[in-house]
Amino acid sequence: MSRILVVDDVVAMADQYAYDLKRLGGHEVSVAASGEAALDGLDRLGADCVILDLEMPGMDGFEVLRRIRHRGNDVPVIVYTGTGDFDRCAQAIRLGADGFIDKAEPMERVAREVDGAIERHRLRHEVFALQRRLGESSLLGNSAAMTGLRELLAKVAPVPSTVLIQGESGTGKELVARELHRLGGHPAGPFVAINCAALPEHLVESELFGHERGAFTGAVTQRKGAFEAASGGTLFLDEIGELPTPAQAKLLRVLEQREVQRVGATKPVPVEVRVVAATSRDLAEEIKGGRFREDLLYRLNVHVIRVPPLRERREDVLPLAERFLEETCRRFGVMPRKLSGEVRELLVVYDWRRNNVRELRNLMERVVVTADGETIKGEHLPPEILGERAAAAATGDEPRTFQELKSQAERTIILAALTRHEWHLTRTAEALGLADHASLLKIMRRLGIRRE
């Protein structure tokens with residue numbers, strides 16, 4: 001018997017859902033009339049699936065969903081709305097919801113959606129368990145950069161020291177943290193992920209360290225914080241550079257003393273947890289600016305792992321794109337798509353500076369929706385991917401002769417190689433198989449390439 005939590009400020013609606021889900025699926029169902037009550041119920045009793053109304057006063061469904069995911073809880077969440085605004089439902093999917101329904105849907109369909117979400121959640125956990133057992137990494141890519149990263153993780157994971165993961169936005173820092181957890185000494189323990197950038201400043205200490213009943217207005221029950229929730233496993237602190245300075249001092253003390261004191265408590269609670277932090281910021285610069293504590297950085301960066309951006313491992317772009325394309329087609333229930341040769345070339349030369357792997361995944365979702373046929377073509381790509389070709393077409397200067405096409409291709413290849421090697425001429429020349437950097441300079445002058 002599965003336990004379902006229905007969250008809706010309209011009590012009659014929640015009670016009707018509870019009655020029908022019990023009748024149709026034999027589920028145990030509880031209801032919550034507010035976001036706060038829903039979060040409290042999840043903390044105390046847990047659930048196998050949550051049905052969440054997006055339109056609630058006070059803490060709306062979006063905020064409830066954010067807090068569920070920020071606490072590292074991967075319970076399936078199905079959102080519903082009575083407004084017919086499915087753009088909001090799509091936004092909830094991006095925040096981590098597993099599905100959406102309309103309040104006017106027949107209850108038989110709602111019951112099927114709930115059963116499907118629970119089953120998919122169970123299968124995901126089985127896959128994760130099998131991956132741990134078989135030693136299969138969730139980090140995709142066979143480039144030298146990714147091979148080196150996996151080798152480093154295998155060395156660092158068994159050592160229970162703190163780890164600092166550095167990398168640009170969208171490179172997969174949380175995946176690296178999960179891989180450390182999988183390969184570490186307590187893979188069966190909890191993995192709790194907290195996005196420090198998303199924590200309201202007045203709730204940071206409560207979220208991390210917990211609080212006692214009555215510690216502040218709204219603290220109606222005792223609540224464990226992220227450190228206690230992750231005890232016996234791994235606590236992942238994403239965007240650690242965004243943590244307010246007062247909370248940094250308390251985090252430092254927890255790392256040193258290995259105990260937490262809940263807000264409003266008089267005694268500390270010992271915790272045994274591995275802390276993995278991540279940042280896309282330059283923490284050395286943050287220290288110079290007085291925004292980050294130097295002593296906390298020394299405590300966090302016992303081991304430093306850098307996640308390479310996608311432009312440094314271009315050989316992984318197409319395998320990743322095809323994997324994301326396949327997953328998206330399966331998830332959306334549409335026929336399989338394939339990438340045209342033109343699209344494959346454009347994906348490889350694009351620099352992916354905006355959001356790296358996340359940008360590539362989002363692009364694959366976008367083209368699955370916009371493409372009508374079986375093949376993804378250049379016309380389905382956004383202007384920033386099309387790059388110079390789109391700019392030339394917009395000005396009516398699209399190359400037409402063989403020589404013009406050849407020059408454009410050379411320019412694209414040279415610029416991609418220069419970007420990949422951070423404009424280091426000798427390394428770029430070697431990568432392109434040229435005699436020396438002088439040969440590269442000659443080509444650059446001919447093509448009018450210069451660093452801005």
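The values are calculated or read from the model by the stated rules, or taken from the named source; none is laboratory data. All figures in this text were calculated on a predicted structure; none of them were measured in a lab. Here the Cβ is made from the backbone with ideal geometry for all residues, glycine too, and neighbour counts use every protein chain on show. Side chains included, ligands, DNA and RNA excluded: accessible areas come from the protein's heavy atoms. Shrake-Rupley method; radii C 1.70, N 1.55, O 1.52, S 1.80 Å.
I need the GluC sites (Glu not before Pro) found in the range 263-340, filtered to DSSP loop residues with at most 14 other beta carbons within 10 Å of theirs. Walk me through the numbers before you get to the answer.
Details: sites: Glu272, Glu285, Glu286, Glu294, Glu312, Glu315, Glu322, Glu326, Glu327; in loops: Glu272.
The qualifying sites are Glu272.
With a ≥ b ≥ c the root eigenvalues of the C-alpha gyration tensor of the range 1-57, is it rounded (a/c under 1.5), prolate (a/b larger than b/c) or oblate? Walk me through the intermediate numbers first.
Values: a/c = 2.37, a/b = 1.21, b/c = 1.95.
It comes out oblate by the Cα gyration axes.
Which angle between 0 and 90 degrees, to the nearest 10, do you get for helix 317-332 versus the longest principal axis of the chain when only C-alpha atoms count?
Taking Cα atoms only, the helix is inclined about 40 degrees.
Per residue, how many Å² of accessible area does the chain show with a 1.4 Å probe? Write out the running numbers ahead of the final one.
Numbers: 22970 Å² over 452 residues.
About 51 Å² of surface per residue is accessible.
Can you give me the % of accessible surface on the chain that is carbon or sulfur? Probe 1.4 Å, all protein chains present, nothing else counted.
On the way: 11680 of 22970 Å².
Answer for the chain is 51 percent, counting heavy atoms of protein chains only.
For the chain, take the longest principal axis of its alpha carbons; what is the angle in degrees between that and the long axis of helix 61-70, to the nearest 10 within 0 to 90?
Helix 61-70 and the main axis of the chain meet at about 80 degrees.
Can you find, among Pro270, Leu418, Gly373, the residue sitting farthest towards the positive end of the charge dipole of the chain, where Lys and Arg contribute +1 and Asp and Glu -1 at Cβ?
Ranked along the dipole, the leading option is Leu418.
How far is helix 11-25 tilted, in degrees, relative to the longest principal axis of the Cα atoms in the chain, given as a value from 0 to 90 rounded to the nearest 10?
The angle comes out at about 80 degrees.
Hey, could you grab the Kirkwood Rh for the chain? Inverse mean 1/r over distinct alpha carbon pairs, Å, one decimal. Mind dumping the intermediate values first?
On the way: mean 1/r = 0.0402 Å⁻¹.
Radius from the Kirkwood sum: 24.9 Å.
Stokes-Einstein at 37 °C, 0.692 mPa s, Kirkwood radius from Cα pairs: D for the range 187-257 in µm² s⁻¹?
Details: Rh = 12.8 Å.
Here the translational diffusion coefficient equals 257 µm²/s.
Computed FRET efficiency, Cβ-Cβ of Glu285 and Gln408, R0 35 Å: what is it to the nearest 0.05? Before the final figure, lay out each step's value.
Working: r = 38 Å, r/R0 = 1.09.
It comes out at approximately 0.35.
In terms of Cα to Cα distance under 12 Å, which aspartates and glutamates are near enough to Lys267, apart from those fewer than 8 places away along the same chain?
In chain and number order, the partners are Glu212, Glu259.
Looking at the range 185-239, which trypsin sites (Lys or Arg not before Pro) are DSSP coil and have at most 15 other C-beta atoms within 10 Å of their C-beta?
On the way: sites: Arg213, Arg223, Lys224; in loops: Arg213.
Of the trypsin sites (Lys or Arg not before Pro), the ones in loops of the range 185-239 whose Cβ has at most 15 other Cβ atoms within 10 Å are Arg213.
Do the alpha carbons of any pairs in Lys173/Lys288; Lys173/Lys338; Lys406/Lys442; Lys173/Lys250; Lys155/Lys288 sit beyond 26 Å of each other, and which pairs?
Values: Lys173/Lys288 24 Å; Lys173/Lys338 28 Å; Lys406/Lys442 16 Å; Lys173/Lys250 24 Å; Lys155/Lys288 32 Å.
Violating the 26 Å limit, Cα to Cα: Lys173/Lys338; Lys155/Lys288.
Across 10 Å bins from 0, what is the distribution of all Cα-Cα pair distances for the range 1-98, in whole percents?
The calculated distribution, bin by bin, is 17, 54, 29, 1.
Using +1 at the C-beta of Lys and Arg and -1 at the C-beta of Asp and Glu, which of Leu432, Asn73, Ser2 has the Cα lying farthest in the positive direction of the dipole of the chain?
Going by the charge dipole, the pick is Leu432.
Using a ≥ b ≥ c from the Cα gyration tensor of the range 26-81 (square roots of the eigenvalues), is it rounded, prolate or oblate, where a/c under 1.5 gives rounded and otherwise the larger of a/b and b/c decides, a/b for prolate?
Numbers: a/c = 1.42, a/b = 1.19, b/c = 1.20.
Rounded, since a/c falls under 1.5.
Counting alpha carbon pairs within less than 8 Å and at least 6 residues apart, what relative contact order, in whole percent, applies to the chain?
Details: 678 pairs, mean separation 50.2, N = 452.
Reported relative contact order: 11 percent.
Modelling each spin label as a point 7 Å along the Cα-to-Cβ direction, I'd like the Glu151/Ala431 distance in nm, to one decimal.
Using points 7 Å along Cα→Cβ, the separation is 1.9 nm.
Can you find, among Leu237, Ala226, Gly214, the residue sitting farthest towards the positive end of the charge dipole of the range 190-320, where Lys and Arg contribute +1 and Asp and Glu -1 at Cβ?
It is Gly214, whose Cα lies furthest towards the positive end.
Assign unit charges at the C-beta atoms only (+1 for Lys and Arg, -1 for Asp and Glu), then state the dipole size of the chain relative to its Cα centre in Debye, rounded to the nearest 20.
Working: 64 positive and 69 negative charges, 294 e Å.
For this selection, approximately 1420 debye.
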